[in-house]
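Reading through the structure tokens given below for one structure.
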Amino acid sequence: MKYTRKLVVVVLALVMALSLTGLTTAQDVSGDLEIFSWWTGGGEAAGLDALIAKFTEMYPGVNIINSAVAGGSGVNARAVLTTRMLGGDPPDTFQVHAGAELNTLWVKAGRMEPLNDLFEANGWLEQYPEGLLSLISDAEGNIYSVPVNIHRSNVLWYVPGNLEQWGVTVPADWNEFVDTTCPALLAKDVTPIAVGQTWTQAHLWESVALAGLGADGYNGLWNGQTSWTSPEVNAVWDTFGKILDCANSDLNALTWQDASKLVIDGAAAFNVMGDWAAGYYLVDNALEPGTGFAWAASPGTDGVFMMLSDTFGLPKGAPHPDNVRAWLSFIGSAEAQDIFNPLKGSLPANTSAQIGDAALYNAYFQDAYEDWTTNAIVGSQAHGAVAPAAFSDGFLNIIASFQSTKDGVSASAAAAALAIQTGIGG
Ligand code: GAL
């Protein structure tokens, strides 16, 4: 009898401890869990599906609703999300980039639940890099989302055998590309650089800006230290225009996957894209890293890693918060990140994941990890790390009109005005 009472006390204490730490058990959660993202294709959908499969095994009572909205870099998803969030119909959890995209909109508007208890209960305060934690926290130290990865934006992709056949090498900088590589490839009827729809052009722009301004100058665009109307920024537009002249003419009609495919099909020599392209090459196209596809830092950016991180949060008013907390506890774990990232093309954000396991993380990841841990780090504008979504959305219009006018002075002035309007550097 005494023994039974003791047992009850122990069990009760355990249950209390679990609920205090915010950990959930499989029995606790049931019902729906709506996951909102823009991962509908490429290695990205495979990565998300693998996470969902494992989570469903762990929590068989939870019914996942995968509400992914197609459109690279979330251009379409973000618009749908805004309507839902402001219309009082938030999804249970949604994809959002660490940094300004999270903080200057949803956190600032008081729409997110703090998740510090999850981070503490799971030991993540010691397992996530400090710089990343600060991108998902407010000034008071409240943490608002769970990162699943670290992606690199400034990557140049190519196929070594094709370059050899065409007699060109990886350009060290954009001047070499424009003056030497591009004409040599055009003479062989090869598209020098594959480019896709507007957001991929903005993606290319940030790599060109990083090359032209250096890490400090690039950071200055976002902290107000670099003037948008300076001669240096005008030179970036000038170079960018010349690069676009070396691109496929149907650029506005291509998705990022279409543009990535031109390279492996041998129709184009190079493409600048984030390393979700590695996921696409590895998973969708079953290519070998190093031979089927290869990579380098985008021209002129060697030694700098332009980062972004995909995270998921818990919006206030989410219909199934307990299910979300179970999902977030899972996706932040080393185990989940080792399932997801080898498919996604990204590095695990949780430093206790098995990045050292070369069977899991092939040569691409090993190389990216080396750079992530030794390079200077800057944040991506096109993917929400350093600029609010309002800037990034407006910048797409500036890129689109530059494409037809090639007027860098007007583009700079428009970007300067947009920076003021969206609170950059202020
Ligand atoms: C980025 C996102 C990546 C990938 C890419 C292409 O914004 O962070 O995970 O989805 O868009 O869609």
(request) Those residues that are farther than 27 Å from THR200 by Cα, hydroxyl-bearing (Ser, Thr, Tyr) and open to solvent by 40 Å² or more (accessible area, probe 1.4 Å), I need them from region 50-86; list them, please. (result) THR56
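Check every one of the helices (runs of 4 or more DSSP H) wholly within region 335-426 and list those with 3 or more residues that are open to solvent by 50 Å² or more (accessible area, probe 1.4 Å) and either closer than 20 Å to LEU132 by Cα or within 16 Å of the ligand (Cβ to nearest atom) (or both).
Those helices (runs of 4 or more DSSP H) span 363-374.
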(request) Output yes when any residue across region 117-132 is more than 30 Å from SER30 (Cβ to Cβ), part of a helix (DSSP H, G or I), within 16 Å of the ligand (Cβ to nearest atom) and open to solvent by less than 10 Å² (accessible area, probe 1.4 Å), and no when none is. (result) yes
(request) Would you mention how many residues in region 153-171 are open to solvent by less than 10 Å² (accessible area, probe 1.4 Å) and either among the basic types (Lys, Arg) or touching a strand residue (DSSP E or B) at 6+ places or on another chain (Cβ under 6 Å) (or both)? (result) 5
(request) Hey, can you tell me all the residues within region 146-166 that are over 14 Å from the mean Cα position of the chain (by Cα) and among the small types (Gly, Ala, Ser)? (result) GLY161
(message) Checking the condition touching a strand residue (DSSP E or B) at 6+ places or on another chain (Cβ under 7 Å), of a type outside the set (Val, Ile, Thr), modelled with pLDDT of 95 or more and within 16 Å of the ligand (Cβ to nearest atom), which residue from ALA277, ALA269 passes?
(response) ALA277
(request) Can you run down the residue pairs with Cβ atoms below 6 Å, 6 or more apart or on separate chains, where the first is in region 55-84 and on the phi > 0 side of the Ramachandran plot and within 16 Å of the ligand (Cβ to nearest atom) and the partner is open to solvent by less than 20 Å² (accessible area, probe 1.4 Å) and outside any helix (DSSP H, G or I)? (result) GLY71/TRP38; GLY74/TRP38
(message) Of the conditions (1) surrounded by fewer than 21 Cβ atoms within 10 Å (Cβ to Cβ); (2) assigned to a helix (DSSP H, G or I), LEU287 satisfies every one except a single condition; which number is it?
(response) (2)
(message) Looking at region 286-306, I want the residues that are acidic (Asp, Glu) and have a partner that is surrounded by fewer than 21 Cβ atoms within 10 Å (Cβ to Cβ) with Cβ atoms under 8 Å, at least 6 apart or on another chain. Which pairs are those?
(response) ASP302/ALA296
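The values are calculated or read from the model by the stated rules, or taken from the named source; none is laboratory data. Since we're looking at a predicted model, the values are computed, not measured. Ideal geometry is used to build each Cβ from the backbone, glycine not excepted, and the neighbour counts take in all protein chains shown. Heads up: the accessible areas ignore ligands, DNA and RNA and are worked out on the full protein's heavy atoms, side chains in. Shrake-Rupley method; radii C 1.70, N 1.55, O 1.52, S 1.80 Å.
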